[in-house]
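K.L.:
Okay, handing you the structure first.
The values are calculated or read from the model by the stated rules, or taken from the named source; none is laboratory data. Since this is a predicted model, take the numbers as computed values, not measurements. Note: ideal-geometry Cβ built from the backbone for every residue, glycine included; neighbour counts use all protein chains shown. Ligands, DNA and RNA are excluded from the accessible area calculation, which covers all protein heavy atoms including side chains. Shrake-Rupley method; radii C 1.70, N 1.55, O 1.52, S 1.80 Å.
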Amino acid sequence: MEYIKQSITFKMKEPTVLSLGKFDGLHRGHELLIAYMAEKKEERKDLKAVIFTFDMPPKEKVQNIPAQVLTTNQEKVKLFESRGVDCLIECPFTKEIMCMEPEDFIEKIVISLNVKYIVVGTDFHFGYKRRGNYQMLLKYAKQYGYEVKVVDKMQEDGRDISSTYVREEITLGNMEKANKLLGYMFFVEGIVLHGKKLGKAILGIPTINLIPPEDKLLPPFGVYVTVTEWKGKKYPGITNVGCKPTIEGKHPVGVETHLFDMSEDMYGAEVKVSFLSRVRAEQKFESLESLKSQMEQDIQYARRYFSAKKICSMEQL
């Protein structure tokens with residue numbers, strides 16, 4: 001997949017089918033847009049599937065509100081590539097772009113990207129003060145020689161599936177519901193860091209530690225049933241999200257995972273931790289012995305969870 005970033009100058013020679021938006025989380029509603037793009041590619045073999053998004057949530061720049069994202073830019077690249085997208089354009093959200101009239105935005109995008117088909121949802125807005133919408137795209141379609149596919153919002157439990165909906169469920173710790181909306185397990189990626197090795201040395205329960213990106217949305221502090229991917233393999237385990245309140249000193253927010261029946265050295269490795277279910281809230285214990293006892297109970301809970309789900313192989317996840 002071609003990945004274009006840090007530039008507002010982009011051009012495609014091949015004819016394209018295009019979808020535009022924030023695509024935070026790449027949930028099931030987004031997957032529907034990509035499915036229509038794939039359908040057009042099948043009809044016209046010469047088309048390239050292009051996704052146009054911004055390098056930051058526009059609200060962060062317009063309203064000066066720091067954003068917590070479901071998927072970081074790095075994570076988006078991998079997700080789009082795995083779904084057959086030919087080109088991802090991550091356009092800087094500059095003042096020029098922010099103040100561009102929607103009519104000018106259409107002209108720039110359609111001509112630069114040789115657009116023949118545009119696939120968007122009914123809630124898509126663009127341009128200065130979000131004045132542009134799918135009706136405007138339809139209005140200019142004949143003038144610029146493209147077709148528009150407007151996709152109705154997919155629903156779950158009578159509500160539109162959206163990044164906001166997913167974010168609400170994750171914020172509440174409802175990982176099963178969030179994963180159902182996403183169509184895959186919510187995950188955090190990072191490099192395994194050297195810690196103080198308290199888990200192995202003192203508690204006898206070895207863990208791997210990640211420091212998540214600052215802009216990554218995390219579920220509430222607590223313990224979760226998780227699956228960790230490393231070198232193409234998946235390992236069941238439990239993960240604590242939080243600041244280790246029982247351990248003396250100040251600790252950054254971390255993602256600390258104990259992998260079942262696995263003792264290989266993973267320091268410096270890039271891993272992906274996916275969240276299946278919340279076990280309990282993070283808490284401060286009176287002693288390390290109490291912490292160890294609770295962790296052992298958490299491990300047994302998670303093992304029963306996997307057994308109850310009748311997951312015989314991690315490849316089923």
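K.L.:
Quick one: check the C-alpha center-to-center distance for the range 32-81 versus the range 143-165, whole angstrom.
P.N.:
What the calculation gives is 14 Å, centre to centre.
K.L.:
Then there's this: Given R₀ = 22 Å, FRET efficiency for LEU138-ALA38 by Cβ-Cβ distance, to 0.05?
P.N.:
It comes to 0.50.
K.L.:
Under 8 Å for C-alpha pairs, at least 6 residues apart: give me the relative contact order for the range 103-218, rounded to a whole percent.
P.N.:
On the way: 101 pairs, mean separation 18.8, N = 116.
Relative CO of the range 103-218 lands at 16 percent.
K.L.:
Taking springs between alpha-carbon atoms closer than 10 angstrom, which of LYS78, LYS180, LYS244 fluctuates most in the Gaussian network model of the chain?
P.N.:
LYS78
K.L.:
Here is a follow-up. Compute the FRET efficiency between GLU81 and CYS243 as 1/(1 + (r/R0)^6), taking r as their Cβ-Cβ distance and R0 = 30 Å, and round to the nearest 0.05. Before the final figure, lay out each step's value.
P.N.:
Details: r = 34 Å, r/R0 = 1.13.
Computed FRET efficiency for GLU81 and CYS243: 0.35.
K.L.:
How large a share of the accessible area of the chain, in percent, is made up of carbon and sulfur atoms when the probe is 1.4 Å and the other protein chains stay in place? Could you put the intermediate results ahead of the total?
P.N.:
Values: 8110 of 16270 Å².
Taking all protein chains in place, the chain shows 50 percent carbon and sulfur surface.
K.L.:
Further question on the same structure: Using the structure shown, list the pairs from LYS76/LYS292; LYS149/LYS233; LYS22/LYS95; LYS5/LYS142 with a Cα-Cα distance above 28 Å, or answer none.
P.N.:
Cα-Cα > 28 Å for LYS76/LYS292; LYS149/LYS233; LYS5/LYS142; rest within.
K.L.:
Follow-up question, since we're still on this one. Suppose only helical runs count, i.e. DSSP H with n ≥ 4. What mean residue ellipticity at 222 nm does that imply for the chain under -39500 (n - 2.57) per run, divided by all residues and rounded to the nearest 500 deg cm²/dmol?
P.N.:
My calculation for the chain gives -9000 deg cm²/dmol from helical runs alone.
K.L.:
While we're on this one: If you take the Cα atoms of the chain, find Rg, then find the Kirkwood Rh from the mean of 1/r over all pairs, what is Rg/Rh? Can you show the working numbers first?
P.N.:
Details: Rg = 22.2 Å, Rh = 21.5 Å.
Rg/Rh: 1.03.
K.L.:
A further question on this structure: Using only alpha-carbon positions, what ratio does the radius of gyration of the range 23-113 give when scaled by 2.2 N^0.38 Å?
P.N.:
Normalised Cα radius of gyration, the range 23-113: 1.18.
K.L.:
Heavy-atom accessible area per residue, the chain, 1.4 Å probe: how many Å²? Numbers along the way, then the final one.
P.N.:
Numbers: 16270 Å² over 317 residues.
Ligands and nucleic acids excluded, the figure is 51 Å² per residue.
K.L.:
Which is farthest toward the positive dipole end of the chain among LEU276, GLY190, ILE211, measuring Cα position about the Cα centre, with Cβ charges +1 (Lys, Arg) and -1 (Asp, Glu)?
P.N.:
My answer, from the dipole projection, is LEU276.
K.L.:
Just subtract the alpha-carbon distance of ARG303 and GLN74 from 0.36 nm times their residue separation and send over the number in nm, one decimal.
P.N.:
79.3 nm
K.L.:
Something else now. What shape does the range 1-155 take by its C-alpha gyration tensor, where a ≥ b ≥ c are the square roots of the eigenvalues and a/c under 1.5 counts as rounded, a/b above b/c as prolate, and the rest as oblate?
P.N.:
Numbers: a/c = 1.37, a/b = 1.13, b/c = 1.21.
In terms of gyration-tensor shape, rounded.
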